[in-house]
Amino acid sequence: MKLYTKENLIKEFHKIAQMGWIENARLGNSGGIGNTLEGLLGIEENNLPIPNAAEWELKAQRLNTSSLTTLFHIEPSPRAIKFVPQVLLLSYGWQHQEAGKRHPENEMSFRQTIHGKTSSDRGFMVKIDKDNRKVLISFDHTKVAENHIDWLHSVKQRIGLGELNPQPYWGFDDLEHKIGTKLLNCFYVQAEVKKEDGKEFYKFSKVTMLQKFSFEGFLQELENGIILVDFDARTGHNHGTKFRMRQNCLPNLYEKVAVII
């Protein structure tokens, strides 16, 4: 594996930008941009080998996309309860759209992407409790949309229509530790994408160097609906709980932002 200084890495990004269109190294892989960039740099798994410096991560994404950037995975507390499969799925889940087809007839689903600005159409929302230093998931049955009224009646029969009890949460300290080790410093690389003759090509045309992660900025973007909590569980499998972010907003989480390309 190559070792880089920050200065040499920046020179490498300029060389890659000057290469123009580069074929996807992992055709059919949704992470093709990151995989292709890692191959060009001679590195593995987003970890940038920069000796004698704070930890750095590589984040790659396509330009002009509405897709979300996954920041990290972390299950809510209290973890001993296994909150997503044992509480949210069982008490608040609904029939999976593939039940009786790809999955058994009784397959249930709990898929919600929520944030702190407004409730989802099923009444779920993120709330920041600064006094107790927690990020909480809240349920308000009055916010449920009309088209989910049958589901709401089933929730009433299963668990009642009160607030989640206990409420799933993430402590500030746990989140700050998770993010601090994962996203302390970051090179954010964005690529243009085109397809020709069934092949995908990337042009790495924008690179931003991000330093000194701000946890206050993280909480603010969670309240603003820019960072979202993504639940994705079904009866047969919990795909994991993710914190995700809207396109082009990653620089909002850092104190120092320098556009390289």
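General observations
- Percentage relative contact order, the range 115-261, counting C-alpha pairs under 8 Å, at least six apart: 22 percent
- Oblate is the label for the range 90-212, because the ratio a/c of its alpha-carbon gyration tensor axes (a ≥ b ≥ c) is 1.5 or higher and a/b is not greater than b/c.
- Note: relative contact order over the chain, using C-alpha pairs below 8 Å and six or more positions apart, is 26 percent.
- Stretched out straight at 0.36 nm per residue, the stretch from SER91 to GLN247 would grow longer than its current Cα-Cα span by 52.9 nm.
- Here the label points at GLU55 and LYS130, each 7 Å from Cα along the C-beta direction, are separated by 2.8 nm in the simple model.
- For the chain, calculated [θ]222 nm from helices alone, where every DSSP H run of n ≥ 4 adds -39500 (n - 2.57): -6500 deg cm²/dmol
- Exposure proxy ranking, count of Cβ atoms within 10 Å, fewest first, for HIS148, HIS96, HIS153: HIS153, HIS148, HIS96
- Local electrostatic count, HIS115, Cβ distance below 12 Å [Lys/Arg +1, Asp/Glu -1]: +1
- Extended-chain gain in nm, criterion 0.36 nm per residue less alpha-carbon gap, GLU192 and GLU12: 63.0 nm
- Reducing the range 88-144 and the range 153-206 to their Cα centroids gives an inter-centroid distance of 15 Å.
- Proximal lysines to LYS11, defined as alpha-carbon separation beneath 23 angstrom and excluding residues fewer than eight positions away on the same chain: LYS2, LYS59, LYS203, LYS206, LYS212, LYS256
- In nm, spacing of pseudo-spin labels at ARG158 and THR70 (7 Å Cα→C-beta vector): 2.5 nm
- Here the residues LEU175, LEU40, ranked from fewest to most Cβ neighbours within 10 Å of their Cβ, fall in the order LEU40, LEU175.
- Aspartates and glutamates whose Cα lies under 15 Å from that of LYS6, excluding same-chain neighbours fewer than 8 positions away: GLU55, GLU57
- Prolate/oblate/rounded label for the range 168-261 (Cα gyration tensor, a/c 1.5): oblate
Readers should treat all values here as calculations from the given coordinates under stated rules, not as data from a laboratory. These numbers come from a predicted model, not from an experiment. Cβ sites come from the backbone with ideal geometry, for glycine too, and all protein chains shown count toward neighbours.
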